[in-house]
Amino acid sequence: MKNSRYVVAWSVICAMAVVFCTGSPAQAQTVLKLSEIHPKGYPTELADEEFARLVELYTKGGIKVDVFPGGQISGDEKVVIEQVKIGAIAIARVSSGALGSFNAQLNVFALPFLFDSKDHMWAFLNGDAGQKMLADLAPSGFIGLCWYDGGARSFYANYPLTKFEDLKGKKYRVMPNPLLPKVVEAMGASAVPMAAGQVFSAIQTGVIDGAENNAPSLISFNHYQVAKWYLLDEHLRLPEVLFMSKIVWDKLGKEQQAAIRKAAVETVAFQRQKWDAYEIEALQQVKGGGVTVTPVTDFTPYKNAVKQLVADESPKYAETIKSIDAVRPKK
Ligand code: GTR
């Protein structure tokens, strides 16, 4: 117990280096580490950089955010989240799919076909219920700062995958999350949970037949090089989250906390704009890389396959789903 307290205290010191620029405490600068799995230039990474710029501006140099892109700290978001929880990493940007293992309310996003569209998702995320979900990360040891767009996720594989029936009996990687394996299994495939950093070689060596993600991730993780079929069934929209360690947060002053919040909120429109442009470009790059991309015109078999699962799981998220339905675009 004594030992683990020591580890936590030491970790927080590492996450929160205080640099005394001139030796005078009045000019001390707090340096916070931010972990990002995607490489430099990816839409979320650009938003992290913008966030860092704004934090430094709004704290008048009192806080510097150091962005570590490309999974430099860890290519496993589960490890990153654990480190944020104990205060060893101050800030991270991860998928809500990964964070769902630490904060169950987020697993609502792991329900397939939850949102009708990108606009529908944002109407919810920007509304009171979406913002409350960020606030409700606190009991898990996190301060939710803002949502970012993560597009829609679809299946891709190293064998001809052009229709629903092709999923049957194949092995697909999923993010470690309590609900995601059930989604893939409901669609007839078997689910293999693993970290994003392991997927490339797992596809290459045939440990798995495929995975599921948005087009930008197929490029950023180079998966398009080993998976030559991409079936755009768009079964999930998992928003990205920028969040902070509550342990580190609680050590900051009120003004610094307000500056961090303001900076985060202001990066949302920035990230969405970068995302919207890159989503289109990345799909072109995937096609240009020799991948056969098949759009889905009839979603019926996909939706039918997960119908029972959605019915079984939905009661756990009844309040949130009510708020999601309330902003569902009229048909
Ligand atoms: C991406 C997301 C990453 C990571 C990855 C995954 O869409 O941006 O943060 O979670 O998916 O599948 O592990």
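The values are calculated or read from the model by the stated rules, or taken from the named source; none is laboratory data. The model shown is predicted, which means the values in this text are computed figures rather than measured ones. Reconstructed Cβ throughout: ideal geometry from the backbone, glycine too, with neighbour counts over all protein chains shown.
Please tell me if Val18 is at pLDDT below 95, part of a strand (DSSP E or B) and more than 12 Å from the ligand (Cβ to nearest atom). For Val18, the condition - at pLDDT below 95, part of a strand (DSSP E or B) and more than 12 Å from the ligand (Cβ to nearest atom) - is met.
Pairs are defined by a Cβ separation below 6 Å, a sequence spacing of at least 6 or placement on different chains, a first member in region 201-220 that is more than 16 Å from Thr162 (Cα to Cα) and modelled with pLDDT of 95 or more, and a second member that is away from the ligand (no atom under 13 Å from the Cβ) and among the aromatic types (Phe, Trp, Tyr); the pairs so defined are Leu218/Tyr224. When you scan region 98-118, do you find a residue that is closer than 21 Å to Ala269 by Cα and out of contact with any Pro (no Cβ under 8 Å at 6 or more places or on another chain), even just one? So far as region 98-118 goes, yes, one or more of its residues are closer than 21 Å to Ala269 by Cα and out of contact with any Pro (no Cβ under 8 Å at 6 or more places or on another chain). Restricted to region 153-182, and to residues there that are within 13 Å of the ligand (Cβ to nearest atom) and either assigned to a helix (DSSP H, G or I) or hydrophobic (A, V, I, L, M, F, W, C) (or both), the residue that is farthest from Val226 (Cα to Cα) is Leu180. Among the residues of region 59-81, those identified as under 26 Å from Asn222 (Cβ atoms), charged (D, E, K, R) and either more than 12 Å from the ligand (Cβ to nearest atom) or assigned to a helix (DSSP H, G or I) (or both) are Asp66, Glu77, Lys78. Taking Leu242 as the residue in question, decide whether it is assigned by TED's automatic domain parsing to the domain that holds Leu34, under 15 Å from the mean Cα position of the chain (by Cα) and either more than 11 Å from the ligand (Cβ to nearest atom) or buried (at least 23 other Cβ atoms within 10 Å of the Cβ) (or both). Here the answer is yes, as Leu242 does meet what is asked. The residues of region 89-106 that are outside any strand (DSSP E or B) and crowded, with 22+ Cβ neighbours inside 10 Å, listed by number, are Ile89, Ala90, Ser96, Gly97, Ala98, Leu99, Gly100, Leu106. For Val207, only one of the following conditions fails: (1) in a helix (DSSP H, G or I); (2) away from the ligand (no atom under 15 Å from the Cβ); (3) under 26 Å from Tyr159 (Cβ atoms). What is its number? Checking Val207 against (1) in a helix (DSSP H, G or I); (2) away from the ligand (no atom under 15 Å from the Cβ); (3) under 26 Å from Tyr159 (Cβ atoms), the one that fails is (1).
Specify the residue that is farthest from the ligand (Cβ to nearest atom); the eligible residues are those in region 216-234 that are surrounded by fewer than 23 Cβ atoms within 10 Å (Cβ to Cβ) and assigned to a strand (DSSP E or B). Among residues in region 216-234 that are surrounded by fewer than 23 Cβ atoms within 10 Å (Cβ to Cβ) and assigned to a strand (DSSP E or B), the one farthest from the ligand (Cβ to nearest atom) is Trp229.
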